[in-house]
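Encoded as structure tokens, the structure appears first; notes follow it.
The values are calculated or read from the model by the stated rules, or taken from the named source; none is laboratory data. It should be emphasised that the depicted structure is a prediction, and the values quoted were computed from it without experimental measurement. Cβ placement follows ideal geometry from the backbone for every residue including glycine, while neighbour counts extend to all protein chains displayed. Accessible surface areas use protein heavy atoms only, side chains included; no ligands, DNA or RNA. Shrake-Rupley method; radii C 1.70, N 1.55, O 1.52, S 1.80 Å.
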Amino acid sequence: PPRTHSRKWRLTFQCHRCSRVGTTTYQTLRRGGGCKTCNFKKRLLDPNVEWKRVAGGFNKRKNSTIYLLTDRKGNLKVGISNTSAVEKRLQLHGYNGWHVAYRWDNLRGATAYHAETEVLRWWRGTLMAPFSVSKKDMPQGGWTETASTRKVGLRRTADRIDELVKIKK
């Protein structure tokens with residue numbers, strides 16, 4: 001028979017995987033799940049789950065955001081996302097130690113895509129900056145869009161994106 005009343009009790013707990021304190025349901029704990037962060041990472045690392053289903057694919061025809069992220073190790077990451085998915089993407093990077101340094105919102109998708117491509121071309125071609133993070137260090141993806149802040153400069157890269165965004169608007 002179908003359930004007529006489903007009430008999930010929220011429990012406060014400390015995750016045994018990442019030590020974060022959070023809330024979850026009894027059913028999640030019973031199935032062996034951890035906190036939201038660990039469960040999200042588990043879905044990302046599951047080979048049966050496509051990345052696009054988890055975080056969404058990029059569409060050049062939709063409003064978009066381009067962002068620069070930094071971490072405590074002196075790395076810089078450039079990235080783009082459609083406006084509808086940007087908060088989830090930035091939250092995922094935040095779980096992995098990245099912080100938003102600069103952000104350009106309400107851009108055409110083609111403009112954001114062009115700016116990211118040109119920044120990566122400039123980093124790799126002109127500045128000869130290699131990737132600064134390995135694939136295993138970024139399970140959420142995006143390791144090919146990283147460079148050392150010492151090599152490319154945070155403010156210098158932000159100025160470059162400002163120019164690219166102005167040109168293509």
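Candidates are the residues of the stretch 52-86 that are surrounded by fewer than 12 Cβ atoms within 10 Å (Cβ to Cβ) and at pLDDT below 90; the one that is farthest from ARG160 (Cα to Cα) is ARG53.
Within the stretch 146-165, restricting attention to residues that are under 16 Å from ASP71 (Cβ atoms) and among the charged types (D, E, K, R), the residue that is most open to solvent (accessible area, probe 1.4 Å) is ARG150.
Looking across the stretch 133-161, the residues that are free of Cβ contacts under 8 Å to residues at least 12 places away in the same chain and part of a helix (DSSP H, G or I) come down to LYS135, LYS136, ASP137, ARG155, ARG156, ASP159. Of all the numbered requirements in (1) modelled with pLDDT of 95 or more; (2) within 17 Å of VAL165 (Cβ to Cβ), ALA147 misses one, and that requirement is (2). Only one of the numbered conditions (1) open to solvent by 60 Å² or more (accessible area, probe 1.4 Å); (2) among the hydrophobic types (A, V, I, L, M, F, W, C); (3) part of a helix (DSSP H, G or I) is not met by ALA110, and that is (1).
Quick check on the stretch 125-138: of everything there that is within 21 Å of the chain's Cα centre (by Cα) and either open to solvent by 50 Å² or more (accessible area, probe 1.4 Å) or hydroxyl-bearing (Ser, Thr, Tyr) (or both), which residue is farthest from LEU76 (Cα to Cα)? Selected residue: LYS136.
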